[in-house]
Amino acid sequence: MWMDPAMFWLGLVIVLLVIEIATMGLTTIWFAGGAMVAFFSTFFGAGPAVQRTIFVVLSLSLLILTRPMAVRYMKGSRTKTNADSLIGRTAVVTQAVNNLAQSGEVLIADVSWTARSRTEGVIPEGSVVRICAIEGVKLIVEEVTTEVKEKED
């Protein structure tokens, strides 16, 4: 017993949409669009070969042509986390930063963070540093030189 083609395509649309909702990968949504058009084509008398061709061509076209734009749009609306927002900001060294001794602490926004230097050497207490990266719970910092401080003012 063969299933009605319209019901097959409708079922496929539902399955693909459920997978997209579960994964949010922006992959199966394009195939759901192709299945939806193939579903509507059954009402216009399209044969099985035409329905499959519509599904494959439209799904791949949507995937190739529109997915990159959709991914860029989705990434553009992503907001930085609290930790990500620290990168590029300046902080004050409250305990000398010494990678060899595995010590160092900086204060930023009234929060004390463990810090390591981006370069070799010791950054003395009271120095101003720029946050370059975050590795785990440690800030990776570099000392802000006097010339850079003057340019920022």
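The values are calculated or read from the model by the stated rules, or taken from the named source; none is laboratory data. This one's a predicted model, so the numbers in the text were calculated from it and none came from an experiment. Here the Cβ is made from the backbone with ideal geometry for all residues, glycine too, and neighbour counts use every protein chain on show. Keep in mind that these areas ignore ligands, DNA and RNA; they rest on the heavy atoms of the full protein, side chains included. Shrake-Rupley method; radii C 1.70, N 1.55, O 1.52, S 1.80 Å.
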Rounded to the nearest 20 debye, what is the charge dipole size of the chain about its Cα centre when +1 sits on each Lys and Arg Cβ and -1 on each Asp and Glu Cβ?
680 debye
Considering only protein heavy atoms and a 1.4 Å probe, what is the carbon-and-sulfur percentage of the accessible area of region 1-128?
68 percent
Any idea of the accessible area per residue across region 1-144, 1.4 Å probe, to the nearest Å²?
64 Å²
Highest mean packing first, using Cβ neighbours within 10 angstrom, the peptides 67-75, 27-35, 105-113 sort as 27-35, 105-113, 67-75
Which whole DSSP H helices in the chain pass both tests: a Cα extent of 30 Å or more along the axis and a mean Kyte-Doolittle value no lower than -0.5?
48-76
